Amino acid sequence: TFSTGPLNLRQTGTADLDRGATGNRASADIWFQAETADLLYLSPRNGAKLGVGDRRNRGYAGCSGARFTSNRVSLRDIPVGSYICARTNEGRISQFRVNGLSGGSPKTLSLGYTDHSELAVTPRETA
């Protein structure tokens, strides 16, 4: 494991899954995008990709074979309890769990993540 822990991502904020840090847009892997108060998304950034799959805990082996996309994902499609795979902008395989979404506005998205030290070798991608 390269990096692991909790992330509290404020609405319109970004997170770097390789470092477990929020706020640095230049190295960010995901962006908590708010189109409106109800249309909320996670958008991959800076070459990172997301793999939603079946939203179960797949670990490194399962995420290594995930289908990745650079398209944003609606939070409606990844409710609390969902596990999402990612390939970071540094090429690592990562997985995070949606632990919570605060009420009110602006919202905070609580994630628990694990970023593996192994780099992705041949990730599968979708348009």
Legend entry - segment 37-52, residues that are in contact (Cβ under 8 Å) with a residue 24 or more places away in the chain and assigned to a loop (DSSP other than H, G, I, E, B): Ala37, Leu39, Arg45, Asn46, Gly47, Ala48, Val52
Inset, instruction - Working carefully through the options Arg10, Arg55, find the one that is in contact (Cβ under 8 Å) with a residue 60 or more places away in the chain, of a type in the set (D, E, K, R) and over 20 Å from Glu90 (Cβ atoms). - result: Arg10
Inset, instruction - Could you please give the count of residues in segment 37-60 that are loosely packed, with under 14 Cβ neighbours inside 10 Å and either of a type in the set (Asp, Glu) or in contact with a Ser or Thr (Cβ under 7 Å, 6 or more places away or on another chain) (or both)? - result: 3
Inset, instruction - Being assigned to a helix (DSSP H, G or I) and over 19 Å from Thr14 (Cα atoms) is the filter here, so list the residues in segment 54-75 that pass it. - result: Gly59, Tyr60, Ala61, Gly62, Cys63, Ser64
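Residue-wise test of (1) within 12 Å of the chain's Cα centre (by Cα); (2) within 21 Å of Thr108 (Cα to Cα).
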{"residue": "Thr4", "(1), (2)": "no, yes"}
{"residue": "Ala21", "(1), (2)": "no, yes"}
{"residue": "Asp29", "(1), (2)": "yes, yes"}
{"residue": "Asn46", "(1), (2)": "no, no"}
{"residue": "Ser82", "(1), (2)": "yes, yes"}
Inset, instruction - With the checklist (1) assigned to a strand (DSSP E or B); (2) in contact with an Asp or Glu (Cβ under 7 Å, 6 or more places away or on another chain); (3) open to solvent by 30 Å² or more (accessible area, probe 1.4 Å) in hand, flag the one item Asn99 doesn't pass. - result: (2)
Inset, instruction - Please specify each residue of segment 12-36 satisfying the condition of being surrounded by 19 or more Cβ atoms within 10 Å (Cβ to Cβ) and in a strand (DSSP E or B). - result: Thr14, Ala15, Asp16, Ile30, Trp31, Phe32, Gln33
Inset, instruction - Just give me the residues in segment 62-89 being closer than 20 Å to Gly47 by Cα and small (Gly, Ala, Ser), in sequence order. - result: Ser64, Gly65, Ala66, Ser70, Ser74, Ala86
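The values are calculated or read from the model by the stated rules, or taken from the named source; none is laboratory data. Here the structure is a predicted model, which is why all the values come from computation and not from measurement. So basically every Cβ, Gly included, is an ideal-geometry build from the backbone, and we count neighbours across all protein chains shown. Surface accessibility is based on the protein's heavy atoms, side chains included, excluding ligands, DNA and RNA. Shrake-Rupley method; radii C 1.70, N 1.55, O 1.52, S 1.80 Å.
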